[in-house]
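**Q** To start, I am sharing the structure in question, which I have written as structure tokens.
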Amino acid sequence: MRAYLVRRLWQSAVTLVGVSILVFVILRVIPGDPAKMLLPEGAPQAAVEALNRHLGLREPLWIQYGLFLRSVVQGDFGQSFQYRSPALRVVIERVPATVQLTLTAMALTVLAGVPLGVLAAVRQRTGWDYASTVLAVLGQSLPNFWLGIMLALLFGVTLRWLPTSGFGGWPSLVLPSITLAAFPTALVARLTRSSLIEILGQEYIRTGRAKGLGEPRVVLRHALRNAMIPLLTVLGLQIGTLLGGAVITESIFAWPGMGKLVVDAIFFRDFPVVQTILILSATIFVVINLLVDVLYTVLDPRIRYG
Amino acid sequence: MGAPRLSRRQFVLGSATALAAATARPRAARAQTRRGQIIAGLSERMLTLDPANHYSISSTSVLRHVYDPLLDVTNDDKFVPALAESWKPINNTTWRFVLRRGVRFHDGTPFTADSVVFTLKRVRDNTKLIKSFVYQDIEDVRKDDDVTVTVTTKRPFGSLPAHLTMLGMLPATAGGNEDAFFTKPVGTGPFRFTSWTHGDHVELEANPGYWRASVPKVDKLTFRFIPELSTRAAALRAGEIHVIDRVWPDMVSTLKATSGIKVHDVPAVEAQRWHFQLARDAGKDPRVRKAVSLAIDRNTIIKELLLGYARPVVSPVPPGLIGHTNLGQKPYDPDRARAILKQAGHQNLTLDFVLMKDLYPKQLEIAQAVAAMLGDVGIKVNIRNLEIATAREQRTAGNYDLFFSGWAHMPHDPDWYFGQWFTKAGAEKMTRFNDPRVEQLIAEGRVPDPKVRQQKYEEIQKILWEDEPEIWPYYSVAIYAVSDKLRNFEARRDYYVLLHEVGIA
């Protein structure tokens with residue numbers, strides 16, 4: 001296990017350096033001039049040139065990357081072009097909103113998706129199953145932006161129960177997290193159902209029932225635990241994706257998360273902010289993947305890493 | 001029956017009522033001047049607290065409440081005193097400003113000539129600041145005494161007062177540690193900065209010592225940043241906020257149908273201007289430009305696509321600004337357009353029409369309508385709807401024939417527009433415009449004398465109107481929606497949300 005962890009950590013470091021090079025180069029080869037995006041349309045060419053020099057964008061690419069890497073190691077991700085302050089600070093200010101939304105949406109996903117899936121599996125081909133299927137199809141097929149706007153119109157504008165948008169307090173968290181959770185909940189429900197059905201057909205389940213275990217114990221303790229493996233993979237990937245930002249949901253609910261920040265930063269060619277977010281989310285992704293792999297061994301003692 | 005007894009509850013209630021009555025008078029008196037809170041929903045997120053380091057409309061809407069400029073500009077384009085009580089040109093390259101006395105920054109330090117000297121020298125010398133390029137013509141800023149400042153310029157700078165409406169004055173002490181200063185900035189404005197939750201909102205509180213009597217009208221001002229129009233509108237309709245900016249024409253009817261909401265619109269200081277690439281074959285030929293102009297039915301665009309929320313253009317400079325003149329509307333005459341093209345021998349002409357994605361209301365629909373109109377006279381149009389940075393890059397490289405764009409005269413003065421788009425140096429990497437006559441007139445129009453400026457600008461526009469290096473399809477209209485609880489709201493021509501004198505019921 002230890003050798004495995006060391007190997008995985010080493011691989012992770014290589015992955016991150018690769019990501020940083022890729023992000024750095026891609027940003028600089030796509031068309032678009034950061035100084036032009038910062039200055040108004042009516043800025044003279046000399047001002048554009050001067051600003052690009054100030055931003056360090058007139059150095060050769062490899063020198064720019066070298067300088068960048070050196071400062072990143074010191075914890076400095078450069079100055080945001082757009083916000084005129086340290087990129088890391090700009091990004092970190094968005095972390096609380098991103099984390100809140102991600103965790104709430106994930107909690108909803110697990111709390112709604114798993115029971116729905118279990119219900120559908122144990123009551124196969126009954127009304128429960130069909131209802132759960134319909135919900136899952138809706139959750140996966142309703143576009144985020146439509147669902148979000150409808151929820152805001154119904155619960156915000158018409159009923160006035162919840163704020164239509166903004167960040168602050170749990171009421172403002174409800175609609176965005178439901179919107180964000182709709183898709184993964186459906187996914188988790190379907191996945192739980194199918195893997196549980198498969199497992200419930202296994203012989204050891206029959207053995208369990210034969211030795212007189214109650215149905216809840218059979219399903220929840222023996223079947224569900226084994227059904228969790230594919231689920232964990234999916235949840236891990238979803239958390240990684242969501243922590244990188246949920247662009248559409250954030251836009252609809254004016255949620256100050258990282259998704260909208262990175263999209264705006266790309267539009268405005270705010271290289272330091274894009275680099276910071278992508279490198280941070282790549283790090284999160286790598287770490288979560290590692291954690292998920294380790295968790296497998298906890299859930300399934302048959303899995304061993306050497 | 002004995003005398004009625006006073007229960008403990010009645011006693012407490014009675015005392016509270018008496019106390020309230022005793023304190024009611026001063027509270028009522030205060031309430032007349034200042035009361036309540038206004039929450040505004042802005043279309044862009046604020047970028048910085050430094051008034052010299054952005055040209056963002058949302059940032060200005062917020063910061064204009066914290067910092068005062070030397071001069072202000074009214075909605076009918078009059079330049080009026082703010083921190084400067086008066087100003088006048090001494091000669092073509094010298095301006096003198098007499099400052100208001102007795103004004104204090106939010107931290108109590110007095111506003112003096114030192115603040116002006118610091119602010120102006122800072123924006124000129126620190127070329128990293130976004131507004132720096134505008135002030136490069138300043139030669140020197142001199143303090144004559146505590147309330148008099150003389151600014152000398154390298155060449156005539158007639159639009160200096162107009163630009164100064166966009167520059168908030170800072171205390172000279174800000175220079176010590178700018179980073180620290182701009183985390184908790186102080187200005188002389190009607191509101192003090194309280195907090196900024198990045199990406200979400202800014203909170204301001206009334207400055208009780210503001211130099212203008214009975215301003216502001218509310219205790220607290222909050223700006224929320226809600227980039228999506230539908231979200232902004234929903235928040236207004238739900239009663240969460242009181243005013244939104246940048247409403248698009250097709251949203252107006254929904255908002256008007258909501259009780260408690262009023263829609264305000266005003267002709268903006270912006271003219272749409274679709275510029276030709278004048279070094280490419282198509283744009284180079286004045287006959288092609290003329291034909292394109294004749295083939296576009298501007299009134300249909302205004303009426304059908306913008307639902308009347310635009311005005312026909314009669315000169316490149318919008319009404320109200322210095323230089324505006326009436327040159328008559330451009331005619332719509334597809335037959336003549338066809339004849340001109342035939343005469344010029346242009347068959348199978350194709351134009352690349354480049355758009356900056358999602359920047360202007362209804363722009364794609366408008367471009368499609370224009371493509372159909374031009375198709376009608378035999379010109380094929382390739383619409384290239386590009387992401388903004390890419391579109392601008394394409395323009396610099398000259399890879400376009402016609403470029404969809406607008407120009408908002410934010411300082412309420414056209415000098416910037418002319419200097420940028422119709423001088424060789426300005427247009428070099430843009431439209432490739434080059435006309436020594438126009439260049440000469442622009443230089444002559446930079447003097448402070450408004451009569452001379454008006455005359456020069458009229459001459460420039462006559463040349464441009466004939467030459468048509470751009471298509472001016474319409475003047476834009478600024479649309480806002482507000483709660484009917486707001487008192488005294490004024491829809492600004494420059495797209496700012498300014499709430500100095502706005503109260504709430």
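The values are calculated or read from the model by the stated rules, or taken from the named source; none is laboratory data. Given the structure is predicted, the values throughout are model-derived calculations rather than measurements. Cβ: placed from backbone, ideal geometry, glycine included. Neighbour counts: every protein chain shown. Each accessible area value is taken on the protein alone, full model and side chains, heavy atoms only, with ligands, DNA and RNA left out. Shrake-Rupley method; radii C 1.70, N 1.55, O 1.52, S 1.80 Å.
**Q** Kirkwood Rh over Cα pairs of the stretch B:412-453 into Stokes-Einstein at 4 °C, 1.567 mPa s: D in µm²/s?
**A** Rounded, D is 123 µm²/s.
**Q** Test of understanding: extend the Cα→C-beta vector of B:ASN92 to 7 Å, then name every residue of the stretch B:427-443 with backbone N under 18 Å from that spot.
**A** B:437-443
**Q** Also, quick follow-up: Label 7 Å along Cα→Cβ of B:THR74; the stretch B:156-196 residues with amide nitrogen under 19 Å?
**A** B:161-166
**Q** While we're on this one: Need one number: buried accessible surface between chains A and B, 1.4 Å probe, both sides summed, DNA, RNA and ligands left out, in Å² to 100.
**A** Answer for the A-B pair: about 3600 Å² buried.
**Q** Over the protein assembly as shown, what lengths in whole Å, largest first, do the semi-axes of the equivalent ellipsoid take, defined as the square roots of 5 times the eigenvalues of the alpha-carbon gyration tensor?
**A** 52, 37, 29
**Q** On to the next question. Starting from the Cα of B:LYS357, step 7 Å along the direction of its Cβ; do the same at B:ALA339; then give the gap between the two resulting points in nm.
**A** Once both label points are built, they end up 4.4 nm from each other.
**Q** Give the average, rounded to an integer, of partner chain Cβ atoms located within 10 angstrom of each Cβ in B:238-244.
**A** Whole-number average of other-chain Cβ neighbours for B:238-244 is 4.
**Q** Tell me, how many Å apart are the Cα centres for the stretch A:202-246 and for the stretch B:162-209?
**A** 56
**Q** Of the peptides A:263-270, A:83-90, A:125-132, how do they stack up when ordered by the mean number of other Cβ atoms within 10 Å, highest first?
**A** Going from most to least packed, we get A:263-270, A:83-90, A:125-132.
**Q** Report the full-extension gain for the segment B:ASN399 to B:THR109: residue separation times 0.36 nm, less the Cα-Cα distance, to one decimal in nm.
**A** Full extension of this stretch gives 99.1 nm more.
**Q** Give me the angle, in degrees from 0 to 90, between the Cα long axis of helix A:95-122 and the longest principal axis of the Cα atoms of chain A, rounded to the nearest 10.
**A** 20
**Q** Which whole number gives the average count of other chain Cβ atoms within 10 Å of the Cβ atoms across peptide B:412-423?
**A** Whole-number average of other-chain Cβ neighbours for B:412-423 is 1.
**Q** Once you put a point 7 Å from the Cα of A:GLN45 and another 7 Å from the Cα of B:LYS256, both along the Cβ direction, what distance in nm separates them?
**A** Result: 4.7 nm between the two label points.
**Q** Where Lys and Arg each count +1 and Asp and Glu each count -1, what net charge lies around B:PRO89 among other residues with Cβ under 11 Å from its Cβ?
**A** Net charge in that neighbourhood comes out at +1.
**Q** Measuring with a 1.4 Å probe in the full set of protein chains, what accessible area per residue, in whole Å², belongs to chain A?
**A** Here the per-residue accessible area is 48 Å².
**Q** If you don't mind, there's one more thing I want to ask. So the label point goes 7 Å from the Cα of A:LEU299 along Cα→C-beta, right? Which residues of the stretch A:173-194 then have their backbone N under 11 Å from it?
**A** A:192
**Q** Under the definition of partner shielding as Cβ atoms of other protein chains within 10 Å of a residue Cβ, what is the mean value for peptide A:90-98?
**A** 2
**Q** Please name the residues of the stretch A:248-270 whose accessible area, counted over protein heavy atoms with a 1.4 angstrom probe, falls by no less than 20 Å² between the chain alone and the full protein assembly.
**A** Those are A:SER251, A:ILE252, A:ALA254, A:PRO256, A:LYS260, A:PHE267, A:ARG269, which lose 20 Å² or more relative to the chain on its own.
**Q** Moving on. Students often get this wrong, so check it: of B:LYS220/B:LYS362; B:LYS78/B:LYS357; B:LYS429/B:LYS456; B:LYS88/B:LYS217; B:LYS290/B:LYS424; B:LYS78/B:LYS217, which have C-alpha atoms separated by over 29 Å?
**A** Listed pairs above 29 Å: B:LYS220/B:LYS362; B:LYS78/B:LYS357; B:LYS88/B:LYS217.
**Q** Ignoring ligands, DNA and RNA, what percent of the accessible area of the protein assembly as shown is carbon or sulfur (1.4 Å)?
**A** Carbon-and-sulfur percentage of accessible area, whole number: 59.
**Q** Tell me, in nm to one decimal, what length is gained between A:PHE145 and A:ARG125 on full extension, where the rule is 0.36 nm per residue of separation less the Cα-Cα distance?
**A** Gain on stretching A:PHE145 to A:ARG125: 4.0 nm.
**Q** Moving to a separate point now. What ranking, highest mean first, results for peptides A:54-64, B:271-281 when packing means the other Cβ atoms within 10 Å averaged over each residue?
**A** B:271-281, A:54-64
**Q** Which percent of the Cα-Cα distances in the stretch B:251-333 go past 14 Å?
**A** So the portion of pairs separated by more than 14 Å is 74 percent.
**Q** How many nm is it between the label spots at A:TRP161 and B:ASN299, if each spot is 7 Å from the Cα in line with the beta carbon?
**A** Once both label points are built, they end up 5.2 nm from each other.
**Q** Please give the Cα centre distance for the stretch B:233-252 versus the stretch B:396-443, rounded to the nearest Å.
**A** 35
**Q** Tell me the volume per residue, in Å³, of the convex hull enclosing the alpha carbons of chain A.
**A** About 166 Å³ per residue, rounded to a whole number.
**Q** Between the stretch B:122-143 and the stretch A:284-306, how far is it from one alpha carbon centroid to the other, in angstrom?
**A** Rounded to whole Å, the Cα centres lie 59 Å apart.
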